[in-house]
Amino acid sequence: MRKETYLYILSDQSNAVLVIGVTTNLKRQLLDNRERKTAAGGKKRPRRQKTAEGMKLVYYEILPCMDAAEQREQMLKNMSRQERVHVIEARNPKWGDLGGEL
């Protein structure tokens, strides 16, 4: 049985930073990122430059398997920023947080 997989794009509040990733549990991924907790011990991760804390979900796709999600992730990562913005704005023109849809 194949597990549903999510491709997602997070953005900071100013929409300057875009983080692209894949996961099999988008709700948990968002919660973990927003709370900056590790999956194992619940301890806060050390501060990093590219943290997802305070980021909002601006785009996601549901794909049938991890292979398809990883291929789509590479496709998006190889796009220019302008092309990525076009993909986001086709579904979310106001760049609102889509986390509430989940």
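The values are calculated or read from the model by the stated rules, or taken from the named source; none is laboratory data. All values derive from a computational prediction rather than experimental measurement. With ideal geometry, Cβ positions are generated from the backbone for all residues, glycine too; neighbour counts draw on all protein chains shown.
G100 meets each of the listed conditions (1) surrounded by 11 or more Cβ atoms within 10 Å (Cβ to Cβ); (2) over 10 Å from the mean Cα position of the chain (by Cα); (3) at pLDDT below 95 apart from (1).
Taking the stretch 9-54 as the range and being in contact with a helix residue (DSSP H, G or I) (Cβ under 7 Å, 6 or more places away or on another chain) and modelled with pLDDT under 90 as the test, the residues that pass are L30, A39, A52, E53.
Residues in the stretch 52-91 that are more than 15 Å from D12 (Cβ to Cβ), outside any helix (DSSP H, G or I) and free of Cβ contacts under 8 Å to residues at least 40 places away in the same chain: how many?
3
For the stretch 84-97, filtering for residues that are charged (D, E, K, R) and loosely packed, with under 11 Cβ neighbours inside 10 Å leaves 1.
Cβ-Cβ contacts under 7 Å between residues 6 or more apart (or on different chains), taken from a first residue in the stretch 24-41 that is farther than 22 Å from I62 by Cα and of a type in the set (S, T, Y) to a second residue that is in a strand (DSSP E or B) and modelled with pLDDT under 50, are absent.
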